[in-house]
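What follows is a short report on a single structure.
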Amino acid sequence: MTISTASPPTTAATAPAPPLRIGPHTIGTPVVLAPMAGITNRAFRRLCRQWGPDCLYVSEMITSRALVERSPETMRLIEHDAGESPRSIQLYGVDPATVRLAARLLVTEDRADHIDLNFGCPVPKVTRKGGGAALPWKTELFRGIVSAAVGEASARGIPVTVKMRIGIDEDHHTYLEAGRIAQQEGVAAVALHARTASQAYSGQADWSAIARLREVVTQVPVLGNGDIWSAADAVAMVRATGCDGVVVGRGCLGRPWLFADLTAAFAGSAHTTAPTLGEVARTLREHTEFLAEFYGDEGRACRDIRKHIAWYLKGFRAGSQIRHQLALVDDLAALDGLLANLDPDDPWPGDDAEGPRGRAGSPRRVALPEHWLDSRDLHPDQAAAVAHAELSVSGG
Ligand SMILES: Cc1cc2nc3c(=O)[nH]c(=O)nc-3n(C[C@H](O)[C@H](O)[C@H](O)COP(=O)(O)O)c2cc1C
């Protein structure tokens, strides 16, 4: 799709950047789509890839246990489009043996070209059992999981990366040690969401932590993540931290063309995309079509697109009634009828459509298993709790 572009007056927000190397893969634009549960399925990735074909697009998180058990939903989630390369899958796991089996399944059945491991989930029901962002506190368990995945995947030349947070809270940082361990165990890159679990998605990401990680992890690329809302933010993060690439999550919700801006900025061009409301509506329609194909079910696609409506329309003058109706849409004909009511010539709203979008939340005390913080070693009682941390996980 051709979309209007605008050239800002300065080029300060651009910086030609070298490609990103993830093991054997060369990612031309050093930009990664952040794994987002319920969002970064094959349909959304296809949509985004149209604007930034040289970025890396990670699947939504799948649990290693569900994969090993071949749950039908999980087997669908790990599918890629024929043209998707590298095929990237994020795994979540709490048990080295299960993660090993999951990685083995992916590589021996030729289902992935890259595996990312998720250690960032802040959801209470997960951290309460020692999973997610609580897990790297137990350094040898963390090492065991990373080592199991790398051991399996590297036998077939498939790189493994790690995505993590700064730590549990301000007093319990884990990222520097986890970065060191991950590097020792042979990961191909380390990504840092520069918040603690206690911050959830609130406040501001602390980019200075990315710079500190860069000083510790020197043999493989460090990827920075948190609060990139525009291509200028991405360039600013690289400049401020020295990171080798950026991971972009909420900034592209309802705005897949952000990958075109990111591609331009890292090629040294200041072009930004400024779609009219008509162009946005066509993108939303296309997203729904891709979802219908992905689910094989138009109704399910329409129910899924509902959560994207407010993001697509952010800043536009479309009234509350049409927004409300769109958020209840249940088939493509109804969607088309509603989209036809939007003024296609309404221009890009500028600042009103920029800035933060998506989940924010508020700071909280992190739920943890009893005595979790007393030691960096895993007590046998805690091992039993951790085994359950995979049963109720949902992104992070
Ligand atoms: C809806 C949603 C789902 C997420 N799911 C995952 C996930 O499955 N795996 C993961 O590692 N991070 C997940 N995250 C975290 C993002 O990957 C990213 O680290 C976070 O949003 C910060 O980046 P941002 O400021 O660019 O959004 C999720 C975030 C959101 C908003």
> So how many residues does the range 21-72 have that are out of contact with any strand residue (DSSP E or B) (no Cβ under 9 Å at 6 or more places or on another chain) and aliphatic (A, V, I, L, M)?
Replying inline: 4
>> Pairs please, first residue from the range 110-124 and charged (D, E, K, R), second anywhere and away from the ligand (no atom under 14 Å from the Cβ) and modelled with pLDDT under 95, Cβ atoms under 7 Å, 6+ apart in sequence or on different chains.
In response: none
> Looking at (1) part of a loop (DSSP other than H, G, I, E, B); (2) surrounded by fewer than 20 Cβ atoms within 10 Å (Cβ to Cβ); (3) more than 16 Å from the ligand (Cβ to nearest atom), which is the only condition Trp348 fails?
Replying inline: (2)
>> For the structure I just gave you, tell me whether Leu313 is within 26 Å of the chain's Cα centre (by Cα), within 21 Å of Phe44 (Cβ to Cβ) and not small (Gly, Ala, Ser).
In response: yes
> Given the conditions (1) within 21 Å of the chain's Cα centre (by Cα); (2) modelled with pLDDT of 95 or more, and given that Glu170 satisfies all but one, which numbered condition is not satisfied?
Replying inline: (1)
> Does the range 270-288 hold any residues that are over 16 Å from Gly315 (Cβ atoms), at pLDDT 95 or above and surrounded by fewer than 18 Cβ atoms within 10 Å (Cβ to Cβ), and which are they?
Replying inline: Arg282, Arg285, Glu286
>> Suppose we filter the range 92-136 for residues that are surrounded by 24 or more Cβ atoms within 10 Å (Cβ to Cβ) and either polar (S, T, N, Q) or in contact with an Asp or Glu (Cβ under 8 Å, 6 or more places away or on another chain) (or both); how many remain?
In response: 8
>> Here is a check on your reading of the model: is Ser362 touching a residue at least 24 places away in the same chain (Cβ under 8 Å), loosely packed, with under 13 Cβ neighbours inside 10 Å and of a type in the set (S, T, N, Q)?
In response: yes
> Which condition number does Arg285 fail, the rest of (1) without any contact (Cβ under 8 Å) to a residue 24 or more places away in the chain; (2) touching a helix residue (DSSP H, G or I) at 6+ places or on another chain (Cβ under 9 Å) being met?
Replying inline: (1)
> Which condition does Ala333 not pass, out of (1) away from the ligand (no atom under 16 Å from the Cβ); (2) in a loop (DSSP other than H, G, I, E, B); (3) outside the structural domain of Leu141 (by TED's automatic domain parsing), if it passes all the others?
Replying inline: (2)
>> Going through Pro16, Pro53, Pro9, Pro35 one at a time, which residue ends up being at pLDDT 95 or above, in a loop (DSSP other than H, G, I, E, B) and surrounded by fewer than 18 Cβ atoms within 10 Å (Cβ to Cβ)?
In response: Pro53
> In the range 216-235, which residues are free of Cβ contacts under 8 Å to residues at least 60 places away in the same chain and either in contact with a Gly (Cβ under 6 Å, 6 or more places away or on another chain) or within 16 Å of the ligand (Cβ to nearest atom) (or both)?
Replying inline: Val216, Val217, Val222, Gly224, Gly226, Ile228, Asp233
> Going through the range 245-269 one residue at a time, which ones are within 13 Å of the ligand (Cβ to nearest atom) and either at pLDDT below 95 or under 16 Å from Lys307 (Cβ atoms) (or both)?
Replying inline: Gly249, Arg250, Cys252, Leu253, Gly254, Arg255
> Which of the residues belonging to the range 102-136 are in contact with a Gly (Cβ under 8 Å, 6 or more places away or on another chain), of a type in the set (Gly, Ala, Ser), under 21 Å from Asp374 (Cα atoms) and modelled with pLDDT of 95 or more?
Replying inline: Gly120, Ala133
>> What's the number of the only condition in (1) over 22 Å from the mean Cα position of the chain (by Cα); (2) assigned to a helix (DSSP H, G or I) that Ala264 fails to meet?
In response: (1)
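The values are calculated or read from the model by the stated rules, or taken from the named source; none is laboratory data. Here the structure is a predicted model, which means the values were calculated and not measured. Neighbour counts are summed over all protein chains in view; Cβ atoms, including those assigned to glycine, are modelled from backbone coordinates with ideal geometry.
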